[in-house]
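Everything below concerns the one structure shown next.
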Amino acid sequence: MQVTEPIASPWQASLALGFERRDGSTILARRDHRGPLRVQKALYPEGPEVCHAIVLHPPAGIAGGDQLDIRIEAAESAHALLTTPGAGKWYRSGGAQSSQQVHLKVGAGATVEWLPQESIVFSGALAGMRTTVDLEQGACFTGVETICFGRRASGETFDRGSLRLATDIRAGGRLLWRERGVIDGGSALMDSPIGLAGFSVCSTVLAAGVELAPETLAACRAAASGEAGARWGVSLLPQLLVGRYLGHSAEAAREWFVALWQQLRPTIGGREAVVPRIWNT
């Protein structure tokens with residue numbers, strides 16, 4: 001009799017975090033989870049005013065059919081920075097769609113920085129990433145999304161599969177930014193000059209809630225990366241800065257983001273940029 005291997009059930013995981021301002025400190029006041037999504041503890045490398053949290057996904061990769069739901073809420077005047085311990089991996093799927101949804105609600109005068117490390121989308125992955133941000137009066141948000149298509153170091157290109165992207169940012173209920181994208185592996189968009197232009201890494205930075213002074217915008221546009229041949233640029237819209245990077249190195253994309261963040265954060269968050277310690281491990 002032939003014995004077949006059991007098919008692993010996909011993960012249905014959720015994480016809900018609530019940050020509050022109490023006695024001059026930001027605390028992690030609420031932490032609910034289901035399935036393999038966790039935050040171990042609140043960290044304070046900048047002092048009590050800013051709470052850092054590392055979002056853990058213990059399986060270390062997202063397989064076909066996995067569904068992750070992350071909800072972050074920062075109450076009035078709280079300041080939270082969230083990142084991940086390493087690169088996210090979206091594995092080849094046998095046909096089931098995987099997704100990650102991130103919902104961020106930022107209260108009046110609060111600041112949230114959503115700074116995950118890069119996502120590696122394997123060839124054959126069927127992935128969907130959606131981010132929704134709701135800002136109340138005087139709230140600020142900074143987010144970065146870096147995507148690596150295929151595993152360049154292993155010679156793997158993103159020649160099949162699909163990635164769907166969706167981002168919405170609202171301030172006081174008014175839509176500031178809506179973006180939708182579908183990138184199919186091996187499609188013409190991978191090499192098109194209006195698409196990825198042959199690059200395997202793309203990064204988007206969104207900073208919302210503050211109007212930038214001309215000198216700050218100029219400094220942001222001067223932020224650079226040492227990657228030869230890479231391209232980057234910054235645009236300013238009402239209450240929103242948009243930064244884009246195209247290259248082949250996730251490390252270089254991060255270098256560019258940090259240079260940009262060092263100019264933005266004193267205005268967006270009222271503090272100097274402090275790189276999360278986990279990024280150096």
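The values are calculated or read from the model by the stated rules, or taken from the named source; none is laboratory data. Since the model is a prediction, treat every value here as computed from it, not as a measurement. FYI the Cβ positions are ideal-geometry reconstructions off the backbone, even for glycines, and counts take in every protein chain you see. Heads up: the accessible areas ignore ligands, DNA and RNA and are worked out on the full protein's heavy atoms, side chains in. Shrake-Rupley method; radii C 1.70, N 1.55, O 1.52, S 1.80 Å.
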Gain upon complete extension [Trp177, Ala197; 0.36 nm per residue less C-alpha separation]: 4.8 nm
How far is it, in nm, from the label point at Ala96 to the one at Glu156 when both lie 7 Å from their Cα along the line to the Cβ? 1.9
Stokes-Einstein D for the stretch 150-238 (25 °C, 0.890 mPa s, Kirkwood Rh from Cα pairs), in µm²/s, comes to 155
Ignoring everything but the protein chains, give the 1.4 Å probe accessible area of Thr84 in square angstrom, nearest 10. 20
Return, ordered by residue number, the residues of the stretch 166-197 whose backbone nitrogen is under 18 Å from a label point located 7 Å along Cα→Cβ of His103. 166-175
Counting only residues 5 or more places away or on other chains, whose amide H sits under 5 Å from the amide H of Glu76 once H atoms are built in the peptide plane? Ala108
Compute the distance in nm between two label points, each set 7 Å from the Cα along the Cα-to-Cβ direction, one at Glu49 and one at Asp23. 1.9
How big is D for the stretch 190-281, in µm² s⁻¹ as a whole number, if Stokes-Einstein is applied with the Kirkwood radius of its Cα pairs at 25 °C and 0.890 mPa s? 177
Computed over the Cα atoms of the chain, what is the ratio Rg over Rh, Rh following Kirkwood? 0.97
Largest first and to the nearest Å, give the Cα extent of the stretch 1-91 along each principal axis. 68, 20, 16
In the full protein assembly as shown, how much of Tyr91 is accessible to a 1.4 Å probe, in Å² to the nearest 10? 80
Qualifying trypsin sites (Lys or Arg not before Pro) in the stretch 221-273, DSSP loop, other Cβ atoms within 10 Å at most 16: Arg271
If you build the convex hull over the alpha carbons only and average its shadow over all orientations, what do you get for the stretch 110-168? Give it in nm² to one decimal. 4.4
Enter the accessible area per residue of the chain (Å², integer; probe 1.4 Å; all protein chains in place). 47
How would Val234, Val274 line up by accessible area, probe 1.4 Å, largest first? Val274, Val234
For Lys105, Lys41, give the ranking by accessible area with the largest first, probe 1.4 Å. Lys41, Lys105
GluC sites (Glu not before Pro) in the stretch 162-220 lying in a DSSP loop, each with at most 15 other Cβ atoms within 10 Å of its Cβ, come to Glu211
In deg cm²/dmol and to the nearest 500, what is the mean residue ellipticity at 222 nm of the chain if only DSSP H runs of at least 4 residues count, each as -39500 (n - 2.57), divided by the residue total? -3000 deg cm²/dmol
Hydrodynamic radius (Kirkwood) for the stretch 12-168, which is based on Cα pairs only, to one decimal in Å: 16.2
What does the accessible area of His33 come to, in Å² to the nearest 10, when a probe of 1.4 Å is used? 90
Evaluate E = 1/(1 + (r/R0)^6) for Arg164 and Thr281, where r is the Cβ-Cβ distance and R0 equals 30 Å; express this FRET efficiency to the nearest 0.05. 0.45
Residue-span extension gain [Ser235 to Arg38] - 0.36 nm each, minus C-alpha spacing: 67.4 nm
Rank these residues by their accessible area, most exposed first, probe 1.4 Å: Ile72, Ile54. Ile54, Ile72
